[in-house]
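A.B. asks: For reference, the structure I am asking about is given below.
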Amino acid sequence: MDQKLQETLKYITEMNRDEEFYKVYYQAGKSEETLRRFLKEVDKEDAVRRHLVIPELLPDIISYYMDDSEYFPENDERNIFISKHNRYTPGFTHKHNFFEIVYVYSGECYQNIGRERLRFRQGDFIFVAPGVFHNIEVFDDETVVFNILLRKATFYQMFMPLMKQNDIVSEFFSEGLYNSQHINYLIFHTGENGTENVRNLMIQLYQEHLFHDACSDQIMIGMMTMLVGLITRHYLFTMESSLIDNVCQAPDHFLVLNYIQSNLGTVTLADVAEHFGFSVPYCSRLIKASTGLGFNEWKNSLRMRRAERMLLNTNKTVTAISEELGYMNPETFIRSFKKFTHMTPAQYRKRVCEILE
């Protein structure tokens, strides 16, 4: 076996110094007396240097809001940052202005995302949206979890193809551009064994991160693009989201929401109810339960996000976009778009181009 691969697997599986500290800390916390003795013996200066999360001693060291400049400073040319989540770390709640991808390499863990507490198992990929409070809990020796962070500009370049579709996945990524999230997370279950390609790609990605050289960044971008492609190609049917509690268990939600997306220009609530054979009140309740919004609010938000994608990905005029989305005239569309984004369509198109340059 290649020496770098051996070292990478060792980094993945063996407990590091911080994990050993957190494990003792975790065990000490089972009683007030042992915790008090443990905290008394902590070297605070060393803990600050190592940026250890110890809420009782160092509450100010915990950052509840993070932006990508913390991981990608201006003088750093890296576009992808991968870390192994330290086992036994206290679960501190935080949010950030970028998407985070979590991969459960082995074992199982819990994540609190928004108001939900979710259990994840080996092979799960979790995409957490910007601006959503969450934390990770890993309290055993066998579980290994990776956190994957991408520079914002790189993220949108890589995920641009997924933002051009008319489905829940595209809505999720498109919303993140201006943090107008209705969907807090997406989950893809690749299974305990997964495909060999997915697991091997994660190992190779982490190896490139650990042994970074002048070529690593470009290689990692290619690997990450392939990884997401494999997940969406082979495991889209396993997808769960905060919008759809469970696609397999709630087909009505999935079908109704996709029908609305596919007929945005002309669809009415009565059309949806008639198409699926539901009563109008039932259909209204189903949409409200799925999205948190009434039919008209949800339809309008879909129109606005569709308009964002069209402004981003096409050269269509504002008039053509307004007609395609079913508006009677461009002025009504412009007023609605400005109310939704606080920018006119022309201002939005200009700003997005500047972000992605």
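The values are calculated or read from the model by the stated rules, or taken from the named source; none is laboratory data. Nothing here was measured: the structure is a model prediction, and the numbers come from that model. Backbone-built Cβ (ideal geometry, glycine too); neighbour counts: all protein chains shown. Ligands, DNA and RNA are stripped out before the accessible areas are found, and what is left, the full protein with its side chains, is counted by its heavy atoms. Shrake-Rupley method; radii C 1.70, N 1.55, O 1.52, S 1.80 Å.
A.B. asks: Could you say which residue among THR93, THR8 is exposed (fewer than 13 other Cβ atoms within 10 Å of the Cβ) and in contact (Cβ under 8 Å) with a residue 24 or more places away in the chain?
C.D. replies: That would be THR93, the only listed residue that is exposed (fewer than 13 other Cβ atoms within 10 Å of the Cβ) and in contact (Cβ under 8 Å) with a residue 24 or more places away in the chain.
A.B. asks: Tally time: how many residues in region 11-49 are under 22 Å from PHE92 (Cβ atoms), aromatic (Phe, Trp, Tyr) and in contact (Cβ under 8 Å) with a residue 40 or more places away in the chain?
C.D. replies: Matching residues across region 11-49 total 3.
A.B. asks: Looking at region 110-140, which of its residues are open to solvent by less than 20 Å² (accessible area, probe 1.4 Å), under 17 Å from the mean Cα position of the chain (by Cα) and under 24 Å from LEU58 (Cβ atoms)?
C.D. replies: Across region 110-140, the qualifying residues are GLN111, HIS134, ASN135, ILE136.
A.B. asks: Output the residue which, of all residues in region 325-336 that are hydrophobic (A, V, I, L, M, F, W, C) and not in a loop (DSSP other than H, G, I, E, B), is surrounded by the fewest Cβ atoms within 10 Å (Cβ to Cβ).
C.D. replies: Applying the first criterion (hydrophobic (A, V, I, L, M, F, W, C)) to region 325-336 yields 325, 328, 333-334.
Next cut, not in a loop (DSSP other than H, G, I, E, B) only: 333-334.
Numbers: PHE333: 23, ILE334: 17.
The selected residue is ILE334.
A.B. asks: Name every residue in region 141-187 that is modelled with pLDDT of 70 or more, open to solvent by 30 Å² or more (accessible area, probe 1.4 Å) and charged (D, E, K, R), in order of residue number.
C.D. replies: Matches in region 141-187: ASP141, GLU142, ARG151, LYS152.
A.B. asks: Let me ask something else about it. Looking for something at pLDDT 80 or above, open to solvent by 30 Å² or more (accessible area, probe 1.4 Å) and β-branched (Val, Ile, Thr) - is there at least one such residue anywhere in region 276-283?
C.D. replies: yes
A.B. asks: Report, by residue number, each residue of region 276-333 that is in contact (Cβ under 8 Å) with a residue 60 or more places away in the chain, within 25 Å of GLN347 (Cβ to Cβ) and hydroxyl-bearing (Ser, Thr, Tyr).
C.D. replies: SER301
A.B. asks: Within region 201-223, identify whether any single residue is open to solvent by less than 40 Å² (accessible area, probe 1.4 Å) and at positive phi, and answer yes or no.
C.D. replies: Within region 201-223, none of the residues are open to solvent by less than 40 Å² (accessible area, probe 1.4 Å) and at positive phi.
A.B. asks: What number of residues within region 55-67 satisfy the criterion of being more than 21 Å from GLN27 (Cα to Cα), open to solvent by 60 Å² or more (accessible area, probe 1.4 Å) and not acidic (Asp, Glu)?
C.D. replies: Residues meeting the conditions: 2.
A.B. asks: Of (1) modelled with pLDDT of 85 or more; (2) of a type outside the set (A, V, I, L, M, F, W, C); (3) open to solvent by 40 Å² or more (accessible area, probe 1.4 Å), LYS350 satisfies all except one. Which?
C.D. replies: (1)
To keep it simple, each residue is scored yes or no on (1) over 27 Å from SER106 (Cα atoms); (2) of a type outside the set (Asp, Glu); (3) surrounded by 14 or more Cβ atoms within 10 Å (Cβ to Cβ).
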residue	(1), (2), (3)
GLU19	no, no, yes
ARG37	yes, yes, no
LYS40	yes, yes, no
LYS44	yes, yes, no
ALA47	yes, yes, yes
VAL53	no, yes, yes
SER69	yes, yes, no
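A.B. asks: Does any residue in region 131-143 that is over 20 Å from PHE98 (Cα atoms) and free of Cβ contacts under 8 Å to residues at least 40 places away in the same chain come within less than 6 Å, Cβ to Cβ, of a residue that is open to solvent by 10 Å² or more (accessible area, probe 1.4 Å) and in a loop (DSSP other than H, G, I, E, B) six or more places away or on a different chain, and which pairs are these?
C.D. replies: Qualifying pairs under 6 Å: GLU142/GLY107.
A.B. asks: Moving on to the next point. All but one of (1) outside any loop (DSSP other than H, G, I, E, B); (2) free of Cβ contacts under 8 Å to residues at least 12 places away in the same chain hold for TYR105; which doesn't?
C.D. replies: TYR105 satisfies all of (1) outside any loop (DSSP other than H, G, I, E, B); (2) free of Cβ contacts under 8 Å to residues at least 12 places away in the same chain except (2).
A.B. asks: I would also like to ask the following. Considering only region 277-324, state which residues are hydrophobic (A, V, I, L, M, F, W, C), part of a helix (DSSP H, G or I) and either over 23 Å from LYS338 (Cβ atoms) or more than 26 Å from the chain's Cα centre (by Cα) (or both).
C.D. replies: VAL280, CYS283, LEU286, ILE287, ALA289, VAL318, ALA320, ILE321
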